[in-house]
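Below: one structure, written as structure tokens.
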């Protein structure tokens, strides 16, 4: 629990200003278009780029636990034996192996996050906690980070799918400057089919956060024929109006498949091969729908 896959510096699409984004490992959703499949599972994993493997067998030879064997010229890992000692990564001449998921104590993580204080101050940026799903992590750990950031006067953004007990959101709310909140699609059956769960809890939490005074950017991953339809956008607008939700921004995020190449590295298959982005004209029409409904700060991307 609380494994981190990446600490990305100079992020400009994860909230206001220049930010450092921390990607946590583990997510309760299974979006077919997920850009970061290495963050889906909660446990550490060994990532292998088989397309670059030299089939030399060095990894199998140095593994102290016999967790790696060569099959048809490629290494296979027995996960029950792997202790993530990382010897195989050190001795791989092609540098194709990597452990995904690293543990940080609070002090070490804060030391890393404070390295870019100058950029935060100059740009109005700060730290974004993302994933996977940060709200699926141990809330005591996340709260410690949030409190220390607050003490250092570093703004905190939480990038969330909203699928977590509201008690977790309630606990961290006093320390969060902005929530980047995904509203993937309004139809609960489509949501379950393409994302793995229905959207009841997600929408309930959105209403509660809005009524609690949270600053929220609503983000809509926009996929042609699914979320990218006039019907879905109108339902989203209606839901916000009916529940008195006034987001600081609405960001429409066109579908892309730039993360699809990552799937094979963690032994997964990309499910979004048939998905498409709406046309630019369609995206602009959706933006106009929101603006005409009173949500003037709506934009493509974000």
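Of all residues in segment 90-112, those satisfying the criterion of being exposed (fewer than 12 other Cβ atoms within 10 Å of the Cβ) and under 18 Å from residue 57 (Cβ atoms) are 93, 95.
Inclusion of residue 284 among residues that are closer than 16 Å to residue 223 by Cβ, surrounded by 12 or more Cβ atoms within 10 Å (Cβ to Cβ) and not assigned by TED's automatic domain parsing to the domain that holds residue 77 is not warranted. Residues in segment 39-61 that are surrounded by fewer than 23 Cβ atoms within 10 Å (Cβ to Cβ) and under 22 Å from residue 139 (Cα atoms): 40, 41, 42, 43, 44.
Can you tell me which residue is farthest from residue 7 (Cα to Cα) among those in segment 70-86 that are in contact with a helix residue (DSSP H, G or I) (Cβ under 8 Å, 6 or more places away or on another chain) and surrounded by 14 or more Cβ atoms within 10 Å (Cβ to Cβ)?
Looking at the filtered set, the residue picked out is 70.
Within segment 1-58, the only residue that satisfies the criterion of being modelled with pLDDT of 95 or more, in a helix (DSSP H, G or I) and out of contact with any helix residue (DSSP H, G or I) (no Cβ under 8 Å at 6 or more places or on another chain) is 39. Exactly one residue out of 158, 142 is within 17 Å of residue 217 (Cα to Cα), within 18 Å of the chain's Cα centre (by Cα) and at pLDDT 95 or above, and it is 158. Of the residues screened, residue 120 is one that is more than 23 Å from residue 44 (Cβ to Cβ), in contact with a strand residue (DSSP E or B) (Cβ under 8 Å, 6 or more places away or on another chain) and either touching a residue at least 12 places away in the same chain (Cβ under 8 Å) or assigned by TED's automatic domain parsing to the domain that holds residue 12 (or both). Does residue 228 qualify as being surrounded by 17 or more Cβ atoms within 10 Å (Cβ to Cβ) and either in contact (Cβ under 8 Å) with a residue 40 or more places away in the chain or within 20 Å of the chain's Cα centre (by Cα) (or both)? The answer is yes for residue 228.
If you go through segment 205-238 and keep only what is in contact with a helix residue (DSSP H, G or I) (Cβ under 7 Å, 6 or more places away or on another chain) and more than 25 Å from residue 276 (Cα to Cα), you end up with 205, 208, 209, 212, 214, 216.
The values are calculated or read from the model by the stated rules, or taken from the named source; none is laboratory data. The shown structure was predicted, so the numbers you read here are calculated from the model rather than taken from an experiment. Reconstructed Cβ throughout: ideal geometry from the backbone, glycine too, with neighbour counts over all protein chains shown.
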